[in-house]
Amino acid sequence: MKKAKVIKSTGSWYTIENDQGQQYNARIVGKFRLNDIPLTNPVAVGDEVYYELEDLGETNAIIKDILPRKNYIVRQSPRKKHQLHLLASNIDLALLVVTMVQPKLKPGVIDRFLLMTEPHDVPAAIVFNKADLYEEDDLDFFEYCQAVYESIGYKVFLASCLTGEGIDGLREFLIGKTVLFAGQSGVGKSTLLNTLDPNLDLRTSELSDYSGKGQHTTTFAEMHPFRDGYIIDTPGFKTLSFNNLEPMDVAHNFREFFILSEDCYFPDCTHRNEPKCSVKSSLEKGEISEMRYQNYLRILEEIEEQNYWERHKDL
C-alpha cells in the first residue's frame, strides 16, 4: 500500500495526493469510526491515508486505512443533528474569519468556534475582515474583542482586502502552516484567501441582495498549497451547535475559566450558582470578560435543553 494525503472531500469521493504529486479519485471500503462517534464522513481533508489502486484503472483508488491524526475538528452536522461532521485533521492553525458588517457578527460565534478547536488542542486565531466598512463603534468593539481574546492567548487580526490593511501581517503569520479557514457565510473568506494569494483563484460571491445573507461559495472542504504550507477552505456555516458536549466539557474548554476553576470550592463547578466560585469572583472583579461569560451561559443552557437520550441515541 502507498501513502497519500486527502486534499478534497466531496461526500462519498475524495481526492488524494501522494508524495510524487499524483492525484487519484478515492473511495472508502468498510467502516471507519472516530472514537465510536457517529460521523457523516469518516475521512477528512488533511488525513494521511494508505491506498491501493483499483483494478478498473489507475485513476481511481481505494482508501484502506487512516494514519493516526495529530488533531481534528468536528462540528454538529447541519443536516443530521445527531451526528458529527469531520471538518479537517492534522492542522497547525484554525483561522476564523468574521466581520462586523455585511453580515453583522452573530453574538457568540467566536466563542462557539473556539469550543470546536479547544478540546482537540488546535491553535486558533481570529480575523476581523472588511475593516474598510467599519464605523467608529465597530472599531471600538474590535479593539475590545482584540483585548479579550489576545489576553487569553488567541491572535486577533484586522484586515481589509480593499485597502490592504493587515494583509501582509496575516500572510506572514500563515507561512509554513496547514491552516483551516472557517467563517459564517458571506464574511468574505474566499476574497480574503484570493487577496492573500492570487494564485488560489477561489470562486467568490457577493451577499444575496434579497436576504442580505451570505451565499455559500465553497461547497466542500478542499486543501490548496499556500506559502510553504497549505490552506483548507471550508464551507461557510450559519450556526454552530454542540450535540457532542456535556456541560463540564464546555466549562473545561473556556480556557481562562478552566485555569480559575482550580480554586473553585466544588471540583465540578459550572460557575453559575455555586458558592465560593473562583470564576464568578473574577467576573465580579472585572478580571474576565462579561461577554465571554454570557456566551458560556447561553451554550450551557442550550446543551442542557437537549434531552440526554436524544443526544446520545446513536452512540
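The values are calculated or read from the model by the stated rules, or taken from the named source; none is laboratory data. Since we're looking at a predicted model, the values are computed, not measured. Positions of Cβ are backbone-derived with ideal geometry, glycine not excepted, and every protein chain shown enters the neighbour counts.
Could you pull out the residue among Arg69, Arg75, Arg79 that is at pLDDT 90 or above and of a type in the set (D, E, K, R)? The conditions single out Arg69. Every condition in (1) at pLDDT below 95; (2) surrounded by fewer than 21 Cβ atoms within 10 Å (Cβ to Cβ) is met by Leu87 except one, and the failing one is (2).
Checking each residue in region 112-144 for being on the phi > 0 side of the Ramachandran plot and surrounded by fewer than 17 Cβ atoms within 10 Å (Cβ to Cβ) picks out only Asp121.
For region 111-124, the criterion of being outside any helix (DSSP H, G or I) and of a type in the set (Lys, Arg) is met by none of the residues. Candidates Glu290, Glu301: the one that is surrounded by fewer than 12 Cβ atoms within 10 Å (Cβ to Cβ) and modelled with pLDDT of 95 or more is Glu290.
To keep it simple, each residue is scored yes or no on (1) closer than 27 Å to Leu39 by Cα; (2) not basic (Lys, Arg).
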| site | (1), (2) |
| --- | --- |
| Lys64 | yes, no |
| Tyr72 | yes, yes |
| Arg112 | yes, no |
| Asp121 | yes, yes |
| Glu136 | no, yes |
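Here's the yes/no breakdown for (1) assigned by TED's automatic domain parsing to the domain that holds Leu196; (2) touching a residue at least 60 places away in the same chain (Cβ under 8 Å); (3) touching a Cys at 6+ places or on another chain (Cβ under 6 Å); (4) closer than 30 Å to Arg27 by Cα:
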{"residue": "Arg79", "(1), (2), (3), (4)": "yes, no, no, yes"}
{"residue": "His82", "(1), (2), (3), (4)": "yes, yes, no, yes"}
{"residue": "Ala88", "(1), (2), (3), (4)": "yes, yes, no, yes"}
{"residue": "Val97", "(1), (2), (3), (4)": "yes, yes, no, no"}
{"residue": "Glu118", "(1), (2), (3), (4)": "yes, yes, no, no"}
{"residue": "Glu135", "(1), (2), (3), (4)": "yes, no, no, no"}
{"residue": "Asp140", "(1), (2), (3), (4)": "yes, no, no, no"}
{"residue": "Val156", "(1), (2), (3), (4)": "yes, no, no, no"}
{"residue": "Gly166", "(1), (2), (3), (4)": "yes, no, no, no"}
